[in-house]
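Here the structure is laid out as structure tokens; the discussion comes afterwards.
The values are calculated or read from the model by the stated rules, or taken from the named source; none is laboratory data. This one's a predicted model, so the numbers in the text were calculated from it and none came from an experiment. Counting neighbours? That spans all protein chains shown, and the Cβs are built from the backbone with ideal geometry, glycine included. Keep in mind that these areas ignore ligands, DNA and RNA; they rest on the heavy atoms of the full protein, side chains included. Shrake-Rupley method; radii C 1.70, N 1.55, O 1.52, S 1.80 Å.
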Amino acid sequence: MLDTDTKRRIDTARDILVGKVPDPKSQVEQITIALIYKFMDDMDAESEELGGHRKFFADGFARYGWAKLMRSGLGGHETLNLYAEAIAKMPENPGIPPLFRDIFKNAYLPYRDPETLRAFLKIIDEFEYDHSERLGDAFEYLLSVLGSQGDAGQFRTPRHIIDFIVAIIDPKKHETVLDPACGTAGFLISSYKHILRAHDPSDLSNPSVKPLTPDERGRLAANFKGYDISPDMVRLSLVNLYLHGFTDPHIFEYDTLTSQDKWNEYADVILANPPFMSPKGGIKPHNRFSVQSKRSEVLFVDYMAEHLTPGGRAGIIVPEGIIFQSQTAYTQLRKMLVEEYLVAVVSLPAGVFNPYSGVKTSILILDKSLAKKTNTIAFFKIENDGFGLGAQRRPVIGSQLPSSALALKRWLQGAAGDPSDPPDSSHFLVVPKEKIAANGDYNLSGERYREGAVSETVYPLVPVGRFMKDSVKTVDPRATPDEMFELWSIPAFDAGKPELLRGGAVGSQKKVVAPGDVLLSRIIPHIRRAWIVRQNADGRRQVASTEWIVFSSDEVLPGFLR
């Protein structure tokens, strides 16, 4: 449990940096580097108190000791120069382990303001090294600010969703655990805690539990492994694991999709929230994947399925494209999963990643052994994850995650699709594999297979295509470069209002729209975003980017257009 003083210190450190280091990831990196710097000096001081010697700040590096950095009388620019020089040279320090050298690799001070650094170091000085769960939780709180990083479709996974997946997959003390797109190591930390709780002798609900032996604890840490393409994420993962008791964490800077170096390494448990988006031109993977694709989400799921041991299990967060996209690669992937790996699909509500993305996601549960024994796949639908789905994500009552985790685990243990205590049928469905394969598209939308469902509306159900505009004209705004246009685009949607741009800045061909038109996004990761074109006061031409499908509102009741 994070104590209030530690939380306050972390918040204060970020507040001090924000004027000079506005990027949240850079703030986390600067705080991380400073904390490790301070903690190394704390460990040296403890060693001296016990009659030993300094090893981190010894010999030529003694001049960089924390006490020397913080001594009174040292001028502001002297402090700044000493600190900047210390963190830049730390990877050359022979007295620190390779882990710490990796943490300081390419570290630098991104600002040159002595007063900002003084205030920042003063707050860091209040922290004391304590190799305990409390410090690890404090660092996880610091990492939570990275939720705002949405580059390349990478969004930090909410902690309660991570814990939900780990509870279902249920990693064991003897199993190897891998996250091939590990970010800040959230899945690995949650799995580690899950195993420790399972062997906690103070748990009165399970009197037969046996605590881990010292040897088992040592082997346990060696069973966890993570890859990430970003050296910054690798650095943060190393710190996170170290502060949770991993003295030698196995995190590697590695491109899972284009490198073959680790292709022959397998894991008993694989957990991941891989990147959803691909770079322009797509991924250029090697040729050992079963499914040929340039899409990162397809390749990551393929990789994880293929790298399970014979009895391996996986929990993977995927965008909706994996569930229903009709392109050949998506269909081939789903066919492979249904036939060899997939045992359950959990649909999450759109908004789980708010306020940073409204992308709709699902969780694929793979079990290589169980998939060969059962001819059915279970579908769970989560509508309440314990938080509101608006931008603030405030806690709400009625979370379906705990009951769904228990129900899904019961079903997986039954392995026959006939649980003795079936979950709520409105949110649970078991579908034969042959039915999913029937029309060849292997669609993984559970509701598609629900028969005899009772409609909760008095209005008739009709094909959505009925409301699509028969013809939508296009215009090239560049033909009138000085004319002001109102552009309805995805960035405008995120900003909450259309963009006002001159024709020369709008770009290529756009769809002509009019007040009352309903726009629905058709591309990943923005599927299901929708809004209504409003009348403008100036009579400017209104255009929409091509990612929108345009519907007419003629037959839609006004009360539903908000």
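Determine which member of the set R101, R63, R118 is part of a helix (DSSP H, G or I), open to solvent by 20 Å² or more (accessible area, probe 1.4 Å) and in contact with a Pro (Cβ under 8 Å, 6 or more places away or on another chain). Before the answer, list the steps.
Working: R63 fails: in contact with a Pro (Cβ under 8 Å, 6 or more places away or on another chain); R118 fails: in contact with a Pro (Cβ under 8 Å, 6 or more places away or on another chain).
From the options R101, R63, R118, the qualifying one is R101.
What about S72, is it open to solvent by 50 Å² or more (accessible area, probe 1.4 Å) and either of a type in the set (S, T, N, Q) or modelled with pLDDT of 90 or more (or both)?
Taking the combined requirement at face value, the residue satisfies it.
Name the residues in segment 249-262 that are open to solvent by less than 50 Å² (accessible area, probe 1.4 Å) and assigned to a loop (DSSP other than H, G, I, E, B), would you?
P249, Y254, D255, T256, L257, S259, K262, listed by residue number.
Among what's in segment 454-496 and is open to solvent by less than 70 Å² (accessible area, probe 1.4 Å) and within 30 Å of I436 (Cβ to Cβ), pick the residue that is modelled with the highest pLDDT.
F467
Can we say L196 is in contact (Cβ under 8 Å) with a residue 12 or more places away in the chain, crowded, with 24+ Cβ neighbours inside 10 Å and assigned to a helix (DSSP H, G or I)?
no
Hand me the list of strands (runs of 3 or more DSSP E) wholly inside segment 478-541 holding 1 or more residues that are free of Cβ contacts under 8 Å to residues at least 24 places away in the same chain. Let's see the steps before the verdict.
On the way: elements: 484-488, 499-502, 510-513, 518-521, 530-532.
Output list reads 499-502, 530-532.
Which one of these is modelled with pLDDT under 85 and open to solvent by less than 90 Å² (accessible area, probe 1.4 Å): A416, A437?
Just a single option satisfies the conditions, and that option is A416.
Could you list, in sequence order, the residues of segment 263-313 that are part of a strand (DSSP E or B) and either open to solvent by less than 10 Å² (accessible area, probe 1.4 Å) or aliphatic (A, V, I, L, M) (or both)?
Selection gives A267, V269, I270, L271, A272, L308, G312.
Could you grab the pairs with beta carbons closer than 6 Å, sequence gap of 6+ or different chains, first residue in segment 263-289 and at pLDDT 90 or above, second one of a type in the set (D, E, K, R)?
W263/R288; D268/E175; V269/E175; V269/R313; L271/D179; A272/D179; F289/D302
Show the residue pairs meeting these rules: Cβ distance below 7 Å; 6+ apart or different chains; first residue within segment 54-74 and under 17 Å from F120 (Cβ atoms); second residue in a loop (DSSP other than H, G, I, E, B).
Y64/F57; M70/D125
Go over the candidates P310, P319 one by one and state the one that is of a type outside the set (A, V, I, L, M, F, W, C) and at pLDDT below 90. If you could, list the steps in order and put the result at the bottom.
Numbers: P310 fails: at pLDDT below 90.
Result of the check over P310, P319: P319.
Counting only residues that are over 21 Å from I317 (Cβ atoms) and of a type outside the set (F, W, Y), how many does segment 242-276 have?
Qualifying residue count for the region: 15.
If I filter segment 5-26 down to residues being assigned to a loop (DSSP other than H, G, I, E, B) and either touching a Leu at 6+ places or on another chain (Cβ under 9 Å) or of a type outside the set (A, V, I, L, M) (or both), which single residue comes out as surrounded by the most Cβ atoms within 10 Å (Cβ to Cβ)?
K20
What's the total number of residues in segment 27-56 that are farther than 20 Å from R101 by Cβ, open to solvent by less than 40 Å² (accessible area, probe 1.4 Å) and assigned to a helix (DSSP H, G or I)?
Within segment 27-56, residues that are farther than 20 Å from R101 by Cβ, open to solvent by less than 40 Å² (accessible area, probe 1.4 Å) and assigned to a helix (DSSP H, G or I) number 2.
Conditions tested, residue by residue: (1) of a type in the set (S, T, Y); (2) in contact with a strand residue (DSSP E or B) (Cβ under 8 Å, 6 or more places away or on another chain).
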| position | (1), (2) |
| --- | --- |
| K193 | no, no |
| L212 | no, no |
| N223 | no, yes |
| L236 | no, no |
| Y242 | yes, no |
| I283 | no, no |
| Q292 | no, no |
| Y303 | yes, no |
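Among the residues of segment 80-98, which ones are within 23 Å of G19 (Cα to Cα) and either open to solvent by 10 Å² or more (accessible area, probe 1.4 Å) or in a loop (DSSP other than H, G, I, E, B) (or both)?
Passing the criteria: N81, L82, A84, E85, A88.
Filtering segment 322-348 down to residues that are more than 30 Å from P402 (Cβ to Cβ) and open to solvent by less than 70 Å² (accessible area, probe 1.4 Å), which residue is modelled with the lowest pLDDT?
Applying the filter and picking the extreme gives Q325.
Which ones in segment 509-523 are of a type in the set (S, T, N, Q) and open to solvent by 60 Å² or more (accessible area, probe 1.4 Å)?
Going through segment 509-523, the residues of a type in the set (S, T, N, Q) turn out to be 509, 521.
If the condition is that a residue be of a type in the set (S, T, N, Q) and open to solvent by 60 Å² or more (accessible area, probe 1.4 Å), then Q509 is the only one that fits.
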